[in-house]
Structure formats: structure tokens, C-alpha cells
Amino acid sequence: TPTPPPDPSEPSPVEAEVRAVEARIARELSRFADVPATIDCDQTPPAYIRRHLAEHAVAGDALDQRALPEAFLPYIDPMRLRSAASRRSGRHPARPLPLLPVIRQVSHLWSWQRPERNAAAISLHAALNQQPLHAPIGSPWHVRWARPRTSVQEILPRAGGVAVATAVLPDGRVVAVTGDLGTVRVWDLVAGTALDVSLIGHRGAVKAVATAVLPDGRVVAVTGGQDGTVRVWDLVAGTAMGSPLTGHRGPVEAVATAVLPNGRMVAISGGGFEDGTVRVWDLSAGTAAGLPLTAHEGGVKAVASAVLPDGRVVAVTGGRDEAVLVWDLAAGIAVGDPLTRHSGGVEAVATAVLPDDRVVAIVVERFSNGSVQVWDLAAGTGRRLHPGQREGSVDTVASAVLPDGRVVAVTGGGDGTVLVWDLVTGTTLDRPRTAHNYPVRAVAPAVLPDGRLVAVTLGAGLRVWDITPGMGGGLGLPTEEGGVWSVASAILPDGRAVAVSGSGDGTVRAWDAATGTAMWDVPAVLSRRAPLTGHVGAVTAIASAVMPDGRRVVITGGGLDGRVRVWDAAAGTPLGELLIGHGVRAVATAVMPDGRLVAIIGSADGPARVWDLAAQRPVGAAWTRRGKGVRAVATAMLPDRRVVAVTAGYDGRIRLWDVAAGEHLGVLWPGNKYVVKAVATAVLPDGRVVAVVGSGDGKVRVWDVAAATAVGVPLTAHRYGVDAVATAVLPDRRVVAVTAGSQTVRLWDLAAGTALQLSGYSLECRGEYG
């Protein structure tokens, strides 16, 4: 009987023995990983354990919570863990470490010297991933729940430029290649680090990047530069191949690669405004392959390649002349008629093969209004895909095939979002994903060693995220598109605490503060025809209150439509609308001595006004003072029962007002050159009413409202300004202020004038937060 061939999925005897030894090593070393939940510098595990325990655990197929308990994770070397886990995932999948995706997402925030910072990052991202920790892991605070504004993703910081491509190196590493000012860099997408390779040669910006595998197996990058040259780089050796390829008169705006029917690997480059030609280069020979193709008036902006059903290898080029041309690369001639009517010119092109074998080009035009065009290259017919109600520019595109076989296009927009389109149905998959705070300049797909299909986007840094529907951080939960601009809390009649958020797209949403579940939301509207269904533009101000009849209400203000709306906090139904006529920037509420509930509304370009919320009419005259509008407002009741408002103007002044009389009581602080973005009030244990002011200079100032004097010295809070302030009373009766800014949150004892131990956590912010 013939001996059956060995099962390739099973380890050989030698591999099994090595694995068993590594597992024993990991078990022994893991005894040193049993650290207390509270981080103590005197109890930090040995450096070898921190660096190498994960590697031994992966090698022994023992990467689980027994080897790496949650409390130990803030101490590890995340890059070694990521690299080791990926190398083993293909042949011998390790037992699951549930928080491995979280470690990938926070690696860019990691600090070897500050495990408490790492613990805070893990805590927050575990909550964003709906993976609650079993216990606090060293952070002095923990996250009860969190909802992502952006898609959960991995971030590779310090990557610049306008172009990105991906490749697989001979050793299996998946890399991204980016071009910056004169330098081409290579990034390991699994380890999340830049390779020790800097390919320097271009004079000026690197405008375009593509990758290819040569017939001899070398993996290369092809780059086009501002200097008019095309250069070829060996990504493993980290060296240039041959001399620069010259011929373009001006910048090279786009490059692509293709394999001709005779097996030659070629690069296709497009010249910019001064040139307008398409050139084909033999990458092995380092010479031009044929004559230049006179392509586009005004320059070539985009290039892609494809193989038609009849076997012809073609280049698809787009130009500023609003045309897309198809070129037979072997014959050096145009194929068919130009594909025209691309408004403002062509920004980007990608190609794909649909399940029915049709070859299509996906075209992004300059004035796209959020749409893309898909052209059947054989038939010469096109159709436009629209993203529903979403508008905005599309700047870049790539194509990919999902694990289920669907062919998709991935587009990056000027608003920092990324959309995935099903090219057969013409619909978008999932909601738009906020990838960057700035325009997405380039996108490229890649398949990682663990089988994940990811998109690599270049905007403010390099980001990597799973583009499989439902896997990009969506989690089936509502998120805040455009960022959270305002937030308030309220207590419902049944005792539940809710948080109400206002987003940049005009949506108002209520969350159960205990569980984080969405209770209701009022969607944004795209026109003024339905003013009671939401705000036009960002919701820039929110406050909550209890009406005289006991109803809990939420008051929201829109920055563009000049309207203030009142909502039932429990049901999310509209109760009324106040027309202010100016961009609303601040809202606060107060109960007058006669029981009336009023709202003080501040406008960015106008005066503050007082409104009776039950009667829905203004009270008295507008509060006018020379200034530049109201940025923030808070209210308080003084010991003599006067209700006062503290307003912060865009001129930096802090003013005090008698709400009932509508009188200006004076200036608490004349300000400085910085805008005051946040104001809150509190009552100290000794009965003093204070105003807490957060300024653009990064300092927090406390003022005795009745005496109109400063309390203590300014507190240095945030490096780049204070964006938000809130006050609270702790169970031990200490009165505290919570401040946010410069990507940190800090806690202050207002009576003592000192900071409390609440570690700041770096989290990328977008826009201004009220």
C-alpha cells in the first residue's frame, strides 16, 4: 500500500517539536506577565518578557489570554506581536487573542515608557470595537462604552505624499509604497512600520506610484516625479534600477504597469500640462517601448491598464481635456472613440473585470458631485453611479475583488471619506467611512497574509482598514458623520440618563448613557423644505432642560440655518422651533425665579437673545455689545437668586449678564488674542459661584462670578487650546472641571486649583467641538 502524502496543513515532526518547545517557553515566561491591574512603575515586567513573550506564544501556537493576559497587554512590543502573529496565521492559525485587532489599531499611539497611556488606548479602542475588557487594565479610568465616528482602522503615521501602491515581497510581506518630496518609502502593512528603505532620487515631489513583478521575480516600484522622470526601484534591495527614464516635458502625473502578450513588463506614464503624451517603457531593458502616444490636450492626469476579452493589453488614460482614451499597447494605437463628457477633466481611472467578463473603466471626474462613471471598454458605453443623497468631490479610485467574488470600486473623497461601490449593481456597500481628516489623495487595495482584504488610503498619514462589508468598523451601529460638534446630557422621567449628540451633518442622536445603545435620531436634511426634521449644516450647540410641565427637552442649534429646535428628550419628537436668523453657536438654559424656562442663544455673527421656551418667543431685547458674536454661554443662579449668564465672545472677552433684566453687568475678563471656546459654571463647597473659562491659549481660568474676581492662577491645561469644559460634583463632594483639547481630557479640582490624576489619551479630533 503506497504511503499517503503528508498533509501540508499538519506540522512535520520537527515543526511539532519546535512548536511544543516554544509553547513551554511561553508558559514559563507568562508567569512574569501576571501583573496587577493597576500599573506600577516598580512592577513593570522584565524587558525580555515585554519584547519576546508574544513571539514565543505565536511560535508555540499559544497566543491566547493565558499567555498574554489583558493586564499585560499595555507592556508588550506591539510591532513584534503584529509581525509574529501575521507570519504564523497562514499555516498554523494561533488560538485567538481577542484584542489583537485592537492592538493593531493603537500601535501608532504606543509608548514603551508609558504603559498607562497604552492601557487607556486599549480601553477606548476595545470599546469602539464592542470588545469590553474583563477588568480595567491599568488606566486610571475606563471606558463604559464608545461609538466610532470614523471607521475603525489601523494608522501608519508620518506617511506623506499624494500616491500609494501595494505589493507583496518575495518573503510574503505586504507593503505599501508611498512617494513624498523626493523620497519613496516602503511600509510593512502588517507590522505597521516603515522599512529601513528610503529611495531617494527624484528632484521635487513624487506624483505617481505603481508596482510590478519582473520576469526574474524582482518586485519593483515605478514612480513618476515633478522632475519629469520615471524611475524604477528594487523594493527588496532598496536601490534604483538603471538610469531615470526621461522624455516627458514636465511633471509625470500618472503611472501604471502591464504585461504585454510577449511577456514583457512595461510601465505606462502620463505627462502633465506641458507634455500631454503617454509613454511606454520596457522595465527589464530600461528603455522606451515604442514612440510616445499623443494623448490629451492639457496633460494626462490618470493612467490604468487592462486586458480586453480578445487578449489585447490596453492602457486607459484620462486627461484635463475631459476625455478618456484607450490604447493598444502592443500596436501603439488608440482603440475606439474617446469616452467623453467628464466634467472639469478626469481626476483618476481604475479598471476591473466584472463576473460576466466585461472589462470596465471606473472614471473619477473633477466636478463629480460625489458620483463616478463606469465605462464598458468593449462596447464604449457608460453609466453614472450616484451615492444616494451624499454629495462632495471624489478624488481617487481603485478596484478590488471581495472574498465573496463581488467586484468593487473604492473611492476616496475630498471630505476624507471612502466609499465602496458594487460595480455590478451600481450601489454603495455600507455607509461612507471617514478615513481621514483631510482629502483622500490615493487609495490602493491589498490582501494581507491573514486573508483580510484591506484598502490603504493616503491622506493625513497612511491608513489601513478592512473593506469587506460590515468589517470596516461599521458594526451595524449609528455613527456621527462629520464628527460630533456638540453634546449634552439629560435625565428622563424613568430615571435613565441619556447623552444627546449633534453631528457635522445635522443629525441629532440620543444614546442611553448606561449602555451606549442608540435611542433615537433625527436625520440631517439636505434642503430647507423640511425645517422641523433636522438642521442644515452642523449641530453646533445642544442643551437640555426640564419644562414647567415636567417634560425633559433638548434644545439644539444649527450653525448654517440659524434655527433653534426643541425636542422631546424621551421620544425625539419636535416640540417647536425658534428662528434666530444667525448662525447659532451656543445655547444654555436657566429657570427664572418665576418658574419660566428660558434659553440663552448666542450667535457667531450677532447678539445673544433670551427665549421663553414654553411660549416660544423672545424675552426682552437682544444683548448687544461691541464684539464679534458669542462663542460660548453658561448660566448660574447667584446666592441673591439672580439668574446670570456668562458669555464668551469671539473677541476673547468674558461678559456677565442679568438674564431677567437683560442688563450687561460687566466684563469678567478682557481676554487676550485667543478665542474663548468654552464656558461652564459651578458652585464651590464654600458657596461661591464660579465660571470656568477655557481659552485658545490652552489655559483654564476660574472666576468668582459675584465678586468678579479671579480664583487662583490660570491652569495650564492643553497645549493647543481648550475646546470644551464641563463641571461636576464627585461622590466625595469635590467640585471638578473636565476639560478637553489638544487630543487630551483633563480633570481639575476647582477648589484646590490642581489637576487630578486622569491620564490624557491622544485621540484624533475633527472640527471644533462645542
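In table form, for the structure just shown:
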quantity: Qualifying position, being modelled with pLDDT under 95 and of a type in the set (A, V, I, L, M, F, W, C), among 237, 258, 221, 267; calculated: 237
quantity: Yes/no for residue 282 being among the acidic types (Asp, Glu), surrounded by 22 or more Cβ atoms within 10 Å (Cβ to Cβ) and touching a residue at least 12 places away in the same chain (Cβ under 8 Å); calculated: no
quantity: Residue list for the range 322-371, restricted to those being under 19 Å from residue 268 (Cα atoms), acidic (Asp, Glu) and over 28 Å from the mean Cα position of the chain (by Cα); calculated: 328
quantity: Which numbered condition residue 670 misses (of (1) under 25 Å from residue 745 (Cα atoms); (2) at pLDDT below 95); calculated: (1)
quantity: Cβ-Cβ under 7 Å pairs, at least 6 apart or on other chains, the range 144-162 side over 16 Å from residue 182 (Cβ atoms) and of a type in the set (Phe, Trp, Tyr), far side at pLDDT 70 or above and surrounded by 21 or more Cβ atoms within 10 Å (Cβ to Cβ); calculated: none
quantity: Whichever residue in the range 298-321 is under 39 Å from the mean Cα position of the chain (by Cα) and basic (Lys, Arg) and, among such residues, is surrounded by the fewest Cβ atoms within 10 Å (Cβ to Cβ); calculated: 320
quantity: Pick from the range 14-53, criterion in contact with an Asp or Glu (Cβ under 7 Å, 6 or more places away or on another chain) and modelled with pLDDT of 85 or more, ranking: farthest from residue 101 (Cα to Cα); calculated: 19
quantity: Odd one out for residue 653 among (1) among the basic types (Lys, Arg); (2) surrounded by 14 or more Cβ atoms within 10 Å (Cβ to Cβ); (3) assigned by TED's automatic domain parsing to the domain that holds residue 553; calculated: (3)
quantity: For residue 267: the one exception among (1) within 30 Å of the chain's Cα centre (by Cα); (2) buried (at least 21 other Cβ atoms within 10 Å of the Cβ); calculated: (1)
quantity: Qualifying residue in the range 157-173 (condition: outside the structural domain of residue 51 (by TED's automatic domain parsing), over 24 Å from the mean Cα position of the chain (by Cα) and acidic (Asp, Glu)); calculated: yes
quantity: Strands (runs of 3 or more DSSP E) wholly inside the range 217-312 that include at least 1 residues being over 21 Å from residue 164 (Cα atoms); calculated: 277-282, 300-307
quantity: Single unsatisfied condition, residue 346 versus (1) of a type in the set (A, V, I, L, M, F, W, C); (2) surrounded by 15 or more Cβ atoms within 10 Å (Cβ to Cβ); (3) within 28 Å of residue 452 (Cα to Cα); calculated: (3)
quantity: Filter pass, residue 321 being farther than 19 Å from residue 275 by Cα and outside any strand (DSSP E or B); calculated: no
quantity: Close pairs from the range 179-208: first not assigned by TED's automatic domain parsing to the domain that holds residue 251 and modelled with pLDDT of 85 or more, partner among the polar types (S, T, N, Q) and outside any strand (DSSP E or B), Cβ under 6 Å, at least 6 apart; calculated: none
quantity: Qualifying residue in the range 586-603 (condition: without any contact (Cβ under 8 Å) to a residue 60 or more places away in the chain, in contact with a His (Cβ under 6 Å, 6 or more places away or on another chain), of a type outside the set (Asp, Glu) and part of a loop (DSSP other than H, G, I, E, B)); calculated: no
quantity: Residue 534 modelled with pLDDT under 85, surrounded by 19 or more Cβ atoms within 10 Å (Cβ to Cβ) and of a type outside the set (A, V, I, L, M, F, W, C); calculated: yes
quantity: Residue within the range 608-630 that is among the polar types (S, T, N, Q), over 33 Å from the mean Cα position of the chain (by Cα), surrounded by fewer than 19 Cβ atoms within 10 Å (Cβ to Cβ) and closer than 21 Å to residue 542 by Cβ present; calculated: yes
quantity: Residues that are surrounded by 13 or more Cβ atoms within 10 Å (Cβ to Cβ) and touching a residue at least 24 places away in the same chain (Cβ under 8 Å), drawn from the range 372-387; calculated: 372, 373, 374, 375, 377, 378, 380, 382, 385, 387
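The values are calculated or read from the model by the stated rules, or taken from the named source; none is laboratory data. Being a predicted model, the structure only gives us computed values, none of them experimental. Ideal geometry is used to build each Cβ from the backbone, glycine not excepted, and the neighbour counts take in all protein chains shown.
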